[in-house]
Amino acid sequence: MVFQSSLKNCLQLSCILRTPKAGFRSSSGGLIIQSVSNDVYQNLAVEDWIHDHMNLENRQVLFLWRNSPAVVIGRHQNPWQECNLRLLRQKNIKLARRRSGGGTVYHDLGNINLTFFTTRKKYERMENLKLVVKALKALRPQLDVHVTDRYDILLDRQYKISGTAAKLGRTTAYHHCTLLCNADKFVLSSVLKSPYKGLKSNATPSVPASVKNLFEEDPSLTYEMLLDAIAEEYATQHQIDHQITLINPADETVLPGINNKTKELQNWDWVYGKTPKFSVSTCFNIAYKDSVIDVKIDMDVKHGRIEGCNIDLPDQWLPLALCSELVKNLTGSKFCPDETTTLATTLLRVCPQDDDMHSRWNLLCENMRMLM
């Protein structure tokens, strides 16, 4: 059984590894750490911190972490293309953009996340995945698990239980992967299905896959057993003590500057603003009283903001000046339902008090918000 140290040992960790400049100093061997936080932004910030500050020339690190419900997209992905943002908002599920590439994944407490840190020269994701498979086999020899050429781990030759992504720096690299244990598969499939129509983007698309939980295959497994088995196999391969050291991702005494990294990952300009340029070209119908009208919307979105916009609807359905003002105000604004709602409400206040026109206006704006 792996011994998990107390939070007080974080100070010991800091003393062992710190340099006068605020970083981790080089020390031979390896290190296994586990986050006490389930916050996706804090845990991704730990990855960034270790990548940026830790000297890995003579040391390798395994970071273990679990998150509360969150959707995590790759660095070069489009969230509107990858997931159902409306559903995320309804369910209060966080959206995060990581620094690495790869596809979109759903995290909840039914996932274990593993990050392997090395120098770039020693980076080898296939060996890391084989390590995970070996640990699983040590626990349950009957499990049919293997690594594919796409760097996924499959269960029973068809179900994906682990996906992979990586960040390769100039001298340092990390490879992270998930391990699907007991995630809510209904929520997973629902939030990773984009409802948005008419999007054209060069962003990196995810590749859909059939998934299965490890606990479905063997209900006797537990998170603790899996964490211990992986840590033990990692320690054996790297010839280090297989103690897991707990770490608090908000502790500035151990990780100076970590909270600023967390804030950067939460920022709208990172999560949405880093989306590659895309366009929206779609039509929708509005039913009002005894008529149904067709509306065509064309928008170009750059850095998460509307760069150009055109709204085509029948003459006289709404005053031309009002529609022109909406287009003018949308240009440069965030491609975001909250911001569109604020703009629409502000414009409506300066319009004549005409109930019929207000109803039409609200229907148009509500349909536009549904695009976001």
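The values are calculated or read from the model by the stated rules, or taken from the named source; none is laboratory data. None of the values given here were measured: they were computed from a predicted structure. Note that each Cβ is placed from the backbone with ideal geometry, even for glycine, and that neighbours are counted across all protein chains shown. For accessibility, only protein heavy atoms count, side chains too; no ligands or nucleic acids. Shrake-Rupley method; radii C 1.70, N 1.55, O 1.52, S 1.80 Å.
Accessible area per residue (1.4 Å probe, heavy atoms of protein chains only) ranks H303, H175, H358 as H303, H358, H175, with the largest value leading.
Accessible surface ranking for R120, R170, 1.4 angstrom probe, highest first: R170, R120. The solvent-accessible area of M225, taken with every protein chain present and a 1.4 Å probe, is close to 60 Å².
The solvent-accessible area of I247, taken with every protein chain present and a 1.4 Å probe, is close to 0 Å².
Tell me, what is the FRET efficiency for D290 and R150 to the nearest 0.05, using R0 = 56 angstrom and their Cβ-Cβ distance as r?
Values: r = 55 Å, r/R0 = 0.98.
The formula returns an efficiency of 0.55 here.
When only alpha carbons of the range 253-372 are considered, Rg and Dmax amount to 17.8, 67 Å. Probing with 1.4 Å while keeping every protein chain in the model, the per residue accessible area of the range 186-274 equals 51 Å².
Computed with a 1.4 Å probe on the full set of protein chains, the accessible area for S279 sits at about 30 Å². Shown here is the pair-distance distribution of the chain: with all Cα-Cα distances grouped in 10 Å bins from zero up to the longest one, the shares run 5, 22, 27, 20, 13, 9, 4, 1 percent. Across V133, V46, V295, mean-square fluctuation computed from a Gaussian network of the chain (C-alpha pairs under 10 Å connected) peaks at V295.
Taking the alpha carbon gyration tensor of the range 38-139, multiplying each eigenvalue by 5 and rooting it gives semi-axes of 27, 17, 13 Å, largest first. Helix 125-139 axis versus longest C-alpha principal axis of the chain: approximately 70°, rounded to the nearest ten. Rg and Dmax over the alpha-carbon atoms of the range 132-256 stand at 17.6, 54 Å. Entry note, the range 31-272: relative contact order of 28 percent, from Cα contacts under 8 Å with a spacing of 6+ residues. Specify the angular offset, from 0 to 90 degrees and rounded to the nearest 10, of the alpha carbon long axis of helix 337-349 from the longest principal axis of the alpha carbons in the chain. Approximately 20 degrees, to the nearest 10.
For the residues P141, P195, P69, a GNM of the chain with alpha-carbon springs under 10 Å puts the largest fluctuation on P141.
Axis of helix 355-370 versus longest Cα principal axis of the chain: the two differ by about 30°, to the nearest ten degrees.
Would you work out the charge dipole size for the chain about its Cα centre, treating the Cβ of every Lys and Arg as +1 and the Cβ of every Asp and Glu as -1, and quote it to the nearest 20 debye?
Working: 45 positive and 40 negative charges, 207 e Å.
The dipole of the chain has a size of about 1000 debye.
Note on K193: lysines with a C-alpha under 16 Å away, same-chain residues under 8 apart excluded, are K91, K94, K185. By accessible area, using a 1.4 Å probe on protein heavy atoms only, the range 31-272 has 46% of its surface on carbon and sulfur. Accessible area per residue (1.4 Å probe, heavy atoms of protein chains only) ranks T222, T119 as T222, T119, with the largest value leading.
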